[in-house]
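Report on one structure; see the data block that follows.
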């Protein structure tokens, strides 16, 4: 078994180290292990795996949400969200800094992507906040932290990939992520209030006027949010209203985003071509990663690797909380070198049995995985949210990492909280999905 595991990790990291695409590296590693250590007809087995996973109905939602995100990039949702939220955020300590958190939470409910959430919200809010005199420390830090909510608040592309690989209900995962997502957003806003109360110079004195707006002005601003609410109703409303499956809700979301692009005058032959090409390219890469992970995971299971690792770890007699802390440390280290999807597909077949053995179910672990993937989004050097913010702000990665550190610490503490109180994750699925 030692030779098999050494071959697996050695070949996989060799391929990744020389720059091989993650999907190709996973597939090549799985095929190599099969030829070396298994006496099975791989020429028949691998096409069967490919057909089963790539034609699953749950996976159809993935390219649809990707296509929806491509449409949303071309809309003016960021300006509308800022205009609609600013009068209400002005009531809180920290003023318009809360637009980062609330705006990212709202956009997360229609995008399914952390990078897309950070990009769309950040390109409007960051410019506006800095122009108004807010501290760049808290403006950039709150955007980087809140942007990670794009994966936790449903719909989520990470949850779809995890659900397909772990054979868990996508709808149940979406429902489980809603309460933790809103709680984490609330904690982020709480930290902003504490931070800006301690450092009063972070909020310009002129912004106190926001508190004096009339109730009529505040309600009038809410009209700006109708496109966003329309899309949330299309996607989440259709799912939780029992009218559509996650896949059907994704298709409804695509139609809704197409409609918004049309009425905003953002559709042309060139834009439609860019939207389709972007969606095809992104979906193809994700599909290849999922295929490679499926082949490697199934062949590893046939070799007994997950069971062997589970037996070794069980011999350490770790408590459930200690195991979760150890796994979180592992994923934080991996997040320095791998992006989120790669972290899931390269570790899931080994790690999931350990977590189930410790007493956590697959839905809870799905939310855990999403949270550690979110941490990877703000863990340099491979930190996709940092790349997005760097493009918007022009600040270097070291500075962005420094001002984002409080939000990373909050997320680590939040994961431990979920491990101590797993009912936070299971409450809504048990309530809404009998």
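Counting only Cα atoms, I'd like the Rg/Rh figure for the range 335-434, Kirkwood definition for Rh.
1.05
Give me the one-decimal nm value for the distance between modelled label points at residue 44 and residue 13, 7 Å along each residue's Cα-to-Cβ direction.
Using points 7 Å along Cα→Cβ, the separation is 3.7 nm.
Rounded, prolate or oblate: which one fits the range 44-108, using the alpha carbon gyration tensor with axes a ≥ b ≥ c (rounded when a/c is under 1.5, else prolate when a/b beats b/c, else oblate)?
Prolate.
How far is helix 305-314 tilted, in degrees, relative to the longest principal axis of the Cα atoms in the chain, given as a value from 0 to 90 rounded to the nearest 10?
70 degrees
Kindly identify the range 170-238 as rounded, prolate or oblate by the Cα gyration tensor criterion: order the square roots of the eigenvalues as a ≥ b ≥ c, call it rounded if a/c is under 1.5, otherwise compare a/b with b/c, prolate if a/b is larger, else oblate. Intermediate values should be presented prior to the final figure.
Details: a/c = 4.12, a/b = 1.42, b/c = 2.91.
Oblate, since a/c reaches 1.5 and b/c is not below a/b.
With no solvent and one point on each alpha carbon, what is the Debye value of log10 I(q)/I(0) for the range 2-432 at q = 0.10 Å⁻¹?
Results for the range 2-432 at q = 0.10 Å⁻¹ read -0.70.
Would you list 35, 399 from fewest to most Cβ contacts within 10 Å?
If I rank by nearby Cβ atoms, fewest first, I get 35, 399.
Taking only the C-alpha atoms, wrap a convex hull around the range 265-416 and report its volume per residue in Å³ as a whole number. The partial results should precede the final answer.
Working: hull volume 21.8 nm³, N = 152.
Value for the range 265-416: 143 Å³ per residue.
Separation between the residue 36 and residue 274 pseudo-spin-labels, each 7 Å from Cα along Cα→Cβ, expressed in nm?
4.5 nm
Between residue 206 and residue 399, what FRET efficiency follows from the Cβ-Cβ distance if R0 is 22 Å, with the result rounded to 0.05? Present the calculation step by step, with values, prior to reporting the outcome.
Numbers: r = 25 Å, r/R0 = 1.15.
After rounding, the FRET efficiency stands at 0.30.
So what's the angle, to the nearest 10 degrees on a 0 to 90 scale, between helix 98-111 and the longest Cα principal axis of the chain?
50 degrees
Mind running the shape call on the range 5-82? Use the C-alpha gyration tensor, a ≥ b ≥ c as the square roots of the eigenvalues: rounded below 1.5 for a/c, prolate if a/b tops b/c, oblate otherwise.
Values: a/c = 4.80, a/b = 1.97, b/c = 2.44.
Oblate is the answer for the range 5-82, as a/c is 1.5 or above yet b/c matches or exceeds a/b.
To the nearest Å, what is the center-to-center distance of the range 20-55 and the range 161-189, using C-alpha atoms only?
First find each Cα centre; the distance between them is then 30 Å.
What percent do you get for the relative contact order of the range 2-432 when only Cα pairs under 8 Å and 6+ apart count?
Computed value for the range 2-432: 25 percent relative contact order.
What angle, in degrees between 0 and 90 and rounded to the nearest 10, separates the Cα long axis of helix 114-132 from the longest principal axis of the Cα atoms of the chain?
Once rounded, one gets 30 degrees.
Would you calculate, for the chain, the mean residue ellipticity at 222 nm contributed by helices, counting each DSSP H stretch of 4 or more residues as -39,500 (n - 2.57) and dividing by all residues, to the nearest 500?
-25000 deg cm²/dmol
Would you mind calculating the gained length between residue 233 and residue 326 on full extension (0.36 nm times residue separation, minus the Cα-Cα distance), in nm to one decimal?
Details: separation 93, 0.36 × 93 = 33.48 nm, distance 3.91 nm.
The residue 233-residue 326 span can extend by a further 29.6 nm.
Only the coordinates and a few stated rules stand behind these numbers; no lab work does. The structure displayed is predicted, hence computed values, not measured ones. Neighbour counts run over all protein chains shown; Cβ positions are idealised from the backbone, glycine included.
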